[in-house]
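Here's the structure we're looking at; comments come further down.
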Amino acid sequence: MTFGLVETLASCACLLFFGYFLQRTIPGLARLNIPAPVLGGLLAALAIVVARANDWPVATFDTTLQRPLLVAFFTTLGFSASLALLRAGGTQVVVLLALVTGFAIVQNLVGIALALGFGLPPALGVLTGSVTLTGGPATGLAFAPLFEAAGIESAATVAVATAMGGIVLGGLVGGPIGSLLIARHRLRGAEPNAAAKSPTQLSTDLPASEAEPLGEDSLQVHTALKTVAAVLVAMWVGTAISAGITSLGVTLPEYIGAMLAAAILRNIDDRTRWLKLSHTALDLLGAVALSFFLVMALMTLDLTKLASMAGPLIVMLLVQVVLVAMFSLWPVFPLMGRDYDAAVTSGGFLGFMLGTTANAMAVMRTLVERFGAAPRAFLVAPLVGAFFLDFTNALVITAFLNFLK
């Protein structure tokens, strides 16, 4: 069976919404914050494994759009890199960004040491470090081709397995660590069950990032077209930027140039308001591109290649979990203020250093529902996890890749 481009996209859409159906019907999946595209894509990969084992026909997919979808998603992340947002978050945003970026470096150094201890290539330690734990499945799949070129076989499969393990463990460990800090230091919030804002709401509340209002249908169409045009222009300019950097002998993923171009456009727009970009629309476009990319990438994985590395991967993942937990107790908690908001932020730190920003927000919401509101934590942590961490982590990973080659 050969699926063309349209059939492949339609299959991705069906698997995506099957993932959402599983999230709604299986409560445990919702609590673990496993993304719906990951659920749908992995189920397809498992079905293909079963089909091959029984010599059944296996579909061949047209993945032409996989890389453009990936670059589009990271381009929308580049539009989030606003200096105005960084200033609006105050010194604690800068402190937490420095902590998470520094810890991404530590994750990679520890991963390299563990890989060498198992007699494995050091690049595998980076892949199972900040690439997949800090970055999550999208970053892991984005960098997989570069790690395969560096000698890591089945890098995409290893990346997904590590990212999934991190998401599950981050969701399980973050709450208890935050509760431990709150109980040990006898901390309390002000208002139990206070509603917390999402990263998108935070960005649109700040004057420098005020989204263009969506009113009549014509205005909505204009906003959507302008958003798509801005992303495409950033991707176009980014291609030239990436080519220029690569010509200097630097190894980097193709989306870095697009992220840099988008960040420049964002900060110009913050100062001039010439483009009046809708950051709500950018978030929406990024979510769509990421969802289709994840399903398309995951459903073509060969999961049978993971069996020989299962033991070392489990040990490396457990060591990283212990390391993140220790780091959240010190220095994250004291440097963030040793108060209730700092404890909630420490719980969120485990979420996005082992999984995704969704994990961090889920852990933090669990804590505030039990112990009270933490308004500063819900400003600082989403700004770092959703807007800046992917950007700095990409630079860290690129530096390690070039150091190890």
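Read through the list (1) open to solvent by 30 Å² or more (accessible area, probe 1.4 Å); (2) of a type outside the set (Gly, Ala, Ser); (3) part of a helix (DSSP H, G or I), then give the number of the only condition that Leu127 fails.
Checking Leu127 against (1) open to solvent by 30 Å² or more (accessible area, probe 1.4 Å); (2) of a type outside the set (Gly, Ala, Ser); (3) part of a helix (DSSP H, G or I), the one that fails is (1).
For the structure I just gave you, tell me whether Ala144 is surrounded by fewer than 19 Cβ atoms within 10 Å (Cβ to Cβ), out of contact with any Asp or Glu (no Cβ under 9 Å at 6 or more places or on another chain) and within 20 Å of Asn108 (Cα to Cα). Spell out the reasoning first.
Working: surrounded by fewer than 19 Cβ atoms within 10 Å (Cβ to Cβ): no; out of contact with any Asp or Glu (no Cβ under 9 Å at 6 or more places or on another chain): yes; within 20 Å of Asn108 (Cα to Cα): yes.
It is false that Ala144 is surrounded by fewer than 19 Cβ atoms within 10 Å (Cβ to Cβ), out of contact with any Asp or Glu (no Cβ under 9 Å at 6 or more places or on another chain) and within 20 Å of Asn108 (Cα to Cα).
Whether any residue in the stretch 33-53 is in contact with a helix residue (DSSP H, G or I) (Cβ under 7 Å, 6 or more places away or on another chain), at positive phi and either loosely packed, with under 15 Cβ neighbours inside 10 Å or not acidic (Asp, Glu) (or both) is what I want to check.
Yes, that holds for at least one residue.
If Phe118 satisfies all but one of (1) touching a residue at least 60 places away in the same chain (Cβ under 8 Å); (2) surrounded by fewer than 21 Cβ atoms within 10 Å (Cβ to Cβ); (3) within 30 Å of Val6 (Cα to Cα), what's the number of the condition it fails?
Result: Phe118 passes all but (3).
Condition check ((1) among the aromatic types (Phe, Trp, Tyr); (2) in contact with a Leu (Cβ under 8 Å, 6 or more places away or on another chain); (3) over 22 Å from Asp283 (Cβ atoms)) across all residues:
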site: Gln320; (1), (2), (3): no, yes, yes
site: Ala325; (1), (2), (3): no, yes, yes
site: Leu329; (1), (2), (3): no, yes, yes
site: Ala343; (1), (2), (3): no, yes, yes
site: Gly347; (1), (2), (3): no, yes, yes
site: Met361; (1), (2), (3): no, no, no
site: Leu367; (1), (2), (3): no, no, yes
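Can you tell me which of Thr91, Thr75, Thr60, Thr101 is open to solvent by 70 Å² or more (accessible area, probe 1.4 Å) and touching a residue at least 40 places away in the same chain (Cβ under 8 Å)?
Numbers: Thr91 fails: touching a residue at least 40 places away in the same chain (Cβ under 8 Å); Thr75 fails: open to solvent by 70 Å² or more (accessible area, probe 1.4 Å); Thr101 fails: open to solvent by 70 Å² or more (accessible area, probe 1.4 Å).
Answer to the selection: Thr60.
Hey, does the stretch 306-329 have a residue that's more than 27 Å from Pro121 (Cβ to Cβ), modelled with pLDDT of 90 or more and open to solvent by less than 10 Å² (accessible area, probe 1.4 Å)?
Yes, that holds for at least one residue.
Report whether or not Ala362 is within 23 Å of Phe73 (Cβ to Cβ), open to solvent by 10 Å² or more (accessible area, probe 1.4 Å), small (Gly, Ala, Ser) and touching a helix residue (DSSP H, G or I) at 6+ places or on another chain (Cβ under 7 Å). Break it down stepwise before answering.
Working: within 23 Å of Phe73 (Cβ to Cβ): yes; open to solvent by 10 Å² or more (accessible area, probe 1.4 Å): yes; small (Gly, Ala, Ser): yes; touching a helix residue (DSSP H, G or I) at 6+ places or on another chain (Cβ under 7 Å): yes.
Yes: the conditions hold for Ala362.
Report those helices (runs of 4 or more DSSP H) wholly inside the stretch 3-104 carrying at least 1 residues which are under 13 Å from Phe292 (Cα atoms) and of a type in the set (S, T, N, Q).
Values: elements: 5-25, 27-32, 36-53, 66-78, 83-88.
Filter on the stretch 3-104 gives 5-25, 66-78.
The values are calculated or read from the model by the stated rules, or taken from the named source; none is laboratory data. Not measured: the values here are computed from a predicted model. Note that we place each Cβ from the backbone using ideal geometry, even for glycine, and neighbour counts take in every protein chain shown. Areas reflect the complete protein model, heavy atoms only, side chains present, ligands, DNA and RNA absent. Shrake-Rupley method; radii C 1.70, N 1.55, O 1.52, S 1.80 Å.
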